[in-house]
Amino acid sequence: MNKNIFILLLFFLVLNAQAQEITGYVYELNQKGEKVPLIGANIFWKDTQIGTTSNDEGFFRVKSLGDFPKTLIVSYIGYKPDTIFVEKYVQELEIVLTINRELNEVLVVGSSLSKYIDALEAKPTEVITKKELLKAACCNLSESFTTNASVDVQFQDAVTGAKQIQLLGLAGIYTQIFFENMPTMKGIAGTYGLNYVPGPWMTSISISKGAGSVVNGYESIAGQINIDYKKPTDLERYHLNIFQSSGYKTDLNANATIDISEHLSTTFLAHSNFTTKSMDENFDSFRDMPDLKQINLMNRWKYESHTGFESIFGFQILNEERKGGQLVSTSSNGRRYDINVNTQRYDFFAKNGYIFDPSTNTSLGLISNAQYHNQNSLFGLRKYDALQKSFYSNLIFQTCTIDETHSIKTGVSFVFDEYKEKLNGTSYLRKEARPGIFAEYKYSPYDDIMIMPGARVDFHNLYGTFFTPRLHFKWDINQNTILRLSGGKGYRSINIFAENLNYFVSSRSFRIIDNPTYEEGWNYGVNLTRYFSIFDRELRLTAEFYRTDFIRQTVVDIDSDAREVRFYDLKGKSYSNTYQVEVAYELLKGLDVFAAVRYTDVKTQIGDKLLSKPLMSKLKTLITLSYFNENRDWFFDASFLVNGGGRIPSTSQNPSDFQRSETFGSYVNVNAQVTKKIDYLDLYFGVENLTNFKQENPIISANDPFSEYFDASLVWGPIEGRKFYIGLRLSIY
């Protein structure tokens, strides 16, 4: 099947007939008379809405509709716009803009930032660009936060390979994850969902901490993560990525864009990854990582009327087989502990919008998404099958005054989820339907003040009415200092089995004391960003604090009994405090340095004790270095992560051979990558976990996995050793 997919994509590469287009480059001339690319310049045909922007190399591609002659407009902030009369079709243009000397102040940026804080947003939003994603082996979403200090990714257990993000010290279930503002990776898909997002498909990731926008729902307690994929309107026409690691993991990615007509274009994206050999480096009879086979396909279309209406629609198909567990049996009965997880997933999505008045940004948009997720699982003696059907629809109307002092977003939404689960022959069925209404108002009386209150009301068929208030405030104290405040409430429904599959790979019994329903919490945050000019280069300093207080929570208790997982309603306190300071600076020409320190204090009432969250490092320090040479054809990237110590749940009830320490110490994780650019081709080589640090004996009673002491869920550190990788990327524009 893999072979057929890539033959098909290569067929598109060879036979795709492109619509007539004009290409070119936008430059400025520096003091030496050298051409410097202008990134993000606007290029459009006069009296039309047909246009584009220039990329990191100043390159652009714009559709040429109708007959010549015609006029091309090129503009860039701080530069004099240029009007170019194109008398006849030409294949390539070269455009040089000059600085507008009439401006009082001009800021010229020599290169685009690979990650930055969006200065226009009231809520603090960190944007990770494609440029940043290329600094590491970003095979999927779980590996895309290597150079990010805010989001942690760690293994959920030592057997299945499942990973989970953590934001503000809270598990990923408290963070809304979106695919272009459509919810994804929720419910049953949450356990392995990070592996469903191929890295080469992504163009950017936006991370908003704390209370998010009410437009996107009520489920954001810790924050929101929004992922953007490649689109038919992107400059990239074709892409091929091949990745191979020393752990026998192979990734193949390809995409192609076709312009069907002046109004319709489409992009095909294909991804496959597979592991060709099982490894057991610590000789405990268990695979270090499961054998994996995944086929992931997406086709998305874009229709542009050029009169105000636009539509993006498409589908995604995924099939994954995950096989883990023992390579050989070590049990007295000769039975082998096997793990098999087979998943079929289908997504259909559509985003339709119409702009009534561009001058006031008055528009109406409808976002719709349908998901079908079927998972059949075996964890030793536990058999768990689950089927999820979901539908999401969000109708949004927005408008603003001409001076943009007042703006509003309002609309209605409807969400439906159906869960059919079967655990060891016992069936569980749950249907959730929740229509909602929302409004978000933005008031900006001055250029340096922005106040954005919002609220929504949702009517849950099982849990009643949810009222969700939120507030964001932004103050540009001066041109170099920005203060942001946020606060708001969030809710989420509980999926007790799907969210705790990591405990299935243990002999712990599930003891449900209080029937889980939903959780409710408040989040408050403050973010201060300050920019300094040092040796004519910008230094960014950010300091922030966020606190989450739970009003209602289902406690997952693995401390009271080493042989049980207990679920009950919170009786007492449960909170998270996160303090973070980070600095970014171009230390030398071409050398970018980023450093961050974060301290997280997460505690929950367990019985009569207020205990710190187990298996989590309280202190984290991250340093990243990025260097490129003068010709920008060699790139060197490295990240140094120091994870502090933490707490391990007590295993004192076990016999001495099956006990573990109740704390773990700090450790260092180093990743590095070298990239060589040759025209359209990137060759890259790297290493992960350079120090080869691994959690020692992460599986308790590995030699007898059917005993009452078996437990593979107490994972706090890396379970894979040093891995080298090599790959190539081919991009044609």
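The values are calculated or read from the model by the stated rules, or taken from the named source; none is laboratory data. Note that the structure is predicted; figures quoted are calculated from it, not measured. A quick note on method: Cβ atoms are made from the backbone with ideal geometry, for glycine too, and the neighbour counts reach across all protein chains shown.
Here are some notes:
- Of the strands (runs of 3 or more DSSP E) contained entirely in region 216-284, those carrying at least 2 residues that are closer than 21 Å to Glu321 by Cβ and over 21 Å from the mean Cα position of the chain (by Cα) fall at 238-245, 249-259, 264-275.
- Pairs are defined by a Cβ separation below 6 Å, a sequence spacing of at least 6 or placement on different chains, a first member in region 509-528 that is in contact (Cβ under 8 Å) with a residue 60 or more places away in the chain and surrounded by fewer than 18 Cβ atoms within 10 Å (Cβ to Cβ), and a second member that is assigned to a strand (DSSP E or B) and of a type outside the set (Ser, Thr, Tyr); the pairs so defined are Tyr524/Gly487; Tyr524/Arg547.
- The criterion of being polar (S, T, N, Q) and surrounded by fewer than 22 Cβ atoms within 10 Å (Cβ to Cβ) holds for Thr250.
- Some residue of region 452-472 being under 22 Å from Lys209 (Cα atoms), modelled with pLDDT of 95 or more and of a type in the set (S, T, N, Q): yes
- Single residue of region 41-81 satisfying the filter (among the small types (Gly, Ala, Ser) and modelled with pLDDT of 80 or more) that is farthest from the chain's Cα centre (by Cα): Ser75
- The conditions of being under 24 Å from the mean Cα position of the chain (by Cα), over 19 Å from Met185 (Cα atoms) and modelled with pLDDT of 95 or more are met by Lys302.
Conditions (1) farther than 24 Å from Phe356 by Cβ; (2) more than 27 Å from the chain's Cα centre (by Cα); (3) modelled with pLDDT under 95; (4) among the aromatic types (Phe, Trp, Tyr), marked per residue:
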{"residue": "Ser407", "(1), (2), (3), (4)": "no, yes, no, no"}
{"residue": "Thr410", "(1), (2), (3), (4)": "no, no, no, no"}
{"residue": "Ser413", "(1), (2), (3), (4)": "no, no, no, no"}
{"residue": "Lys420", "(1), (2), (3), (4)": "yes, yes, no, no"}
{"residue": "Leu429", "(1), (2), (3), (4)": "yes, yes, no, no"}
{"residue": "Pro435", "(1), (2), (3), (4)": "yes, no, no, no"}
{"residue": "Ala439", "(1), (2), (3), (4)": "no, no, no, no"}
{"residue": "Lys442", "(1), (2), (3), (4)": "no, no, no, no"}
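- The single condition among (1) outside any loop (DSSP other than H, G, I, E, B); (2) of a type outside the set (Gly, Ala, Ser); (3) over 22 Å from the mean Cα position of the chain (by Cα); (4) more than 20 Å from Phe706 (Cα to Cα) that Thr307 does not satisfy is (1).
- Condition met for Phe685 (surrounded by fewer than 20 Cβ atoms within 10 Å (Cβ to Cβ) and not assigned by TED's automatic domain parsing to the domain that holds Thr160): yes
- Selection from region 530-566 of residues that are polar (S, T, N, Q) and closer than 18 Å to Leu168 by Cβ: Thr542, Thr548, Gln553
Results for (1) touching a Pro at 6+ places or on another chain (Cβ under 7 Å); (2) within 30 Å of Arg430 (Cα to Cα), shown as yes or no for each residue.
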site	(1), (2)
Leu462	no, yes
Leu471	yes, no
Asp476	no, no
Gln479	no, no
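- Test result for Thr266, hydroxyl-bearing (Ser, Thr, Tyr) and buried (at least 16 other Cβ atoms within 10 Å of the Cβ): yes
- Qualifying residue in region 642-652 (condition: in contact (Cβ under 8 Å) with a residue 24 or more places away in the chain, in a strand (DSSP E or B), in contact with a Pro (Cβ under 8 Å, 6 or more places away or on another chain) and within 21 Å of Gly169 (Cα to Cα)): yes
The rows are residues; the columns are (1) surrounded by fewer than 20 Cβ atoms within 10 Å (Cβ to Cβ); (2) touching a Gly at 6+ places or on another chain (Cβ under 7 Å); (3) aliphatic (A, V, I, L, M).
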{"position": "Gln166", "(1), (2), (3)": "no, yes, no"}
{"position": "Glu180", "(1), (2), (3)": "yes, no, no"}
{"position": "Tyr196", "(1), (2), (3)": "no, no, no"}
{"position": "Ile205", "(1), (2), (3)": "no, no, yes"}
{"position": "Val214", "(1), (2), (3)": "no, yes, yes"}
{"position": "Leu235", "(1), (2), (3)": "yes, no, yes"}
{"position": "His239", "(1), (2), (3)": "no, no, no"}
{"position": "Phe243", "(1), (2), (3)": "no, yes, no"}
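- Complete set of residues in region 477-535 that are of a type in the set (Gly, Ala, Ser) and either part of a strand (DSSP E or B) or touching a Leu at 6+ places or on another chain (Cβ under 6 Å) (or both): Ser486, Gly487, Gly488, Gly490, Ser493, Ser506, Ser509, Gly521, Gly525, Ser533
- Residue count, region 371-384 (criterion: surrounded by fewer than 17 Cβ atoms within 10 Å (Cβ to Cβ) and without any contact (Cβ under 8 Å) to a residue 60 or more places away in the chain): 4
- In the set (1) in a loop (DSSP other than H, G, I, E, B); (2) under 30 Å from Gly325 (Cβ atoms); (3) out of contact with any helix residue (DSSP H, G or I) (no Cβ under 9 Å at 6 or more places or on another chain), Ala136 fails one condition alone, (3).
- Residues in region 657-667 that are outside any loop (DSSP other than H, G, I, E, B) and either modelled with pLDDT under 95 or surrounded by 15 or more Cβ atoms within 10 Å (Cβ to Cβ) (or both): Asp657, Phe658, Phe664, Tyr667.
- Looking only at region 217-233, and only at residues there that are among the polar types (S, T, N, Q) and surrounded by fewer than 22 Cβ atoms within 10 Å (Cβ to Cβ), the one that is nearest to Glu132 (Cα to Cα): Asn226
- Pick from region 312-366, criterion assigned to a strand (DSSP E or B) and hydroxyl-bearing (Ser, Thr, Tyr), ranking: surrounded by the most Cβ atoms within 10 Å (Cβ to Cβ): Thr343
- Criterion: assigned to a strand (DSSP E or B), without any contact (Cβ under 8 Å) to a residue 40 or more places away in the chain and outside the structural domain of Ser208 (by TED's automatic domain parsing) - qualifying residue of Tyr446, Tyr441: Tyr441
- Looking only at region 452-468, and only at residues there that are of a type outside the set (Asp, Glu) and touching a residue at least 60 places away in the same chain (Cβ under 8 Å), the one that is nearest to Leu539 (Cα to Cα): Met452
- When Gln294 is tested against (1) within 30 Å of Ser377 (Cα to Cα); (2) of a type outside the set (Lys, Arg); (3) at pLDDT below 95, exactly one condition is not met: (3).
- Unmet criterion (only one of (1) surrounded by fewer than 17 Cβ atoms within 10 Å (Cβ to Cβ); (2) modelled with pLDDT under 50; (3) not in a loop (DSSP other than H, G, I, E, B)) for Leu9: (1)
- Any hit, region 590-603, residues being in a loop (DSSP other than H, G, I, E, B) and either out of contact with any Ser or Thr (no Cβ under 9 Å at 6 or more places or on another chain) or not charged (D, E, K, R) (or both): yes
- The set of residues in region 351-372 being under 16 Å from Tyr392 (Cα atoms) and either among the polar types (S, T, N, Q) or not assigned by TED's automatic domain parsing to the domain that holds Phe416 (or both) consists of Asn352, Ser368, Asn369, Gln371.
- Count of region 397-416 residues which are assigned to a strand (DSSP E or B) and charged (D, E, K, R): 1
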